[in-house]
Structure formats: structure tokens, C-alpha cells
1. With a cut-off of at most 12 other beta carbons within 10 Å, and DSSP calling the residue loop, which trypsin sites (Lys or Arg not before Pro) in the range 1-89 qualify? Please list them.
2. Taking the Cα centre of the range 1-56 as origin, sum charge times position over the Cβ atoms of Lys and Arg (+1) and Asp and Glu (-1), and report the length of that vector in debye to the nearest 20.
3. Which GluC sites (Glu not before Pro) does the range 5-82 hold that lie in a coil by DSSP with at most 15 other beta carbons within 10 Å?
4. Count charges around Phe9 for me, please; just the other residues with Cβ under 13 Å from its Cβ, Lys/Arg as +1, Asp/Glu as -1.
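Bear in mind these aren't lab numbers, they're just calculated from the coordinates by the rules spelled out. Only a predicted model underlies this, so the values are computations on that prediction, with no experimental measurement involved. Cβ placement follows ideal geometry from the backbone for every residue including glycine, while neighbour counts extend to all protein chains displayed.
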Amino acid sequence: MDDEWKNRFESAYMELGGLGERVLGFCDFMLPEAEFPKGFAFDADEENFPLTGLRFLGLMSMIDPPRAAVPDAVSKCRSAGIKVWLSEIFSSSDSNPCGLLLTS
């Protein structure tokens, strides 16, 4: 991925994330059949597969609403003197479904 694509990716990620959406990136890689035969046991903990040289395919965003228990949990934290913060991306969202989290 060259610098132009990295900048485009970052811009799209910030824009979509700023809308309060979850952003997923997708890549692919053609695995050599001799090294990764059908039924190969992939292990994410051991990372026994390539993690470099992937081809970036694109981004997808989806609305991921907060869980119903969030407002009550935030209220309990605040009443205990805990200050609640959101990530910079989410807190700058114009369409923030957790408006409660942004109040002081």
C-alpha cells in the first residue's frame, strides 16, 4: 500500500469512525497450497500464517449501537467519582448514540 492509499484509508477510517460506526478492513492473500493444504490448522495465537504481503481490498462500516446497559453503567461510574471518556474518533461524532457519555 503506497502513501496515497494509506492517506485515503486513514481519511475514510476517520470519517466513518467519526460517524460512530465500526470500521472493518479487508485483505486477502493467496496461500501456497503446498504449505497450507486443505484442512490446515490455522492458529491465531501462534500466527502460523503470513501477516505481511496482504492485498488490501477495502473498508466496510456498520452501525454498532451501544448495549442497553451502557447508560446505567456510565451513571454508576459517575456517581462513584469515575470520569468516563470516549475515544477521540467517537467523541467527535455528530451522530453519537452515546450522548450520555459526553455529558459531564
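1. Passing sites in the range 1-89 are Lys38, Arg67, Lys83.
2. 220
3. Of the GluC sites (Glu not before Pro), the ones in loops of the range 5-82 whose Cβ has at most 15 other Cβ atoms within 10 Å are Glu33, Glu35, Glu46, Glu47.
4. So the environment of Phe9 carries a net charge of -3.
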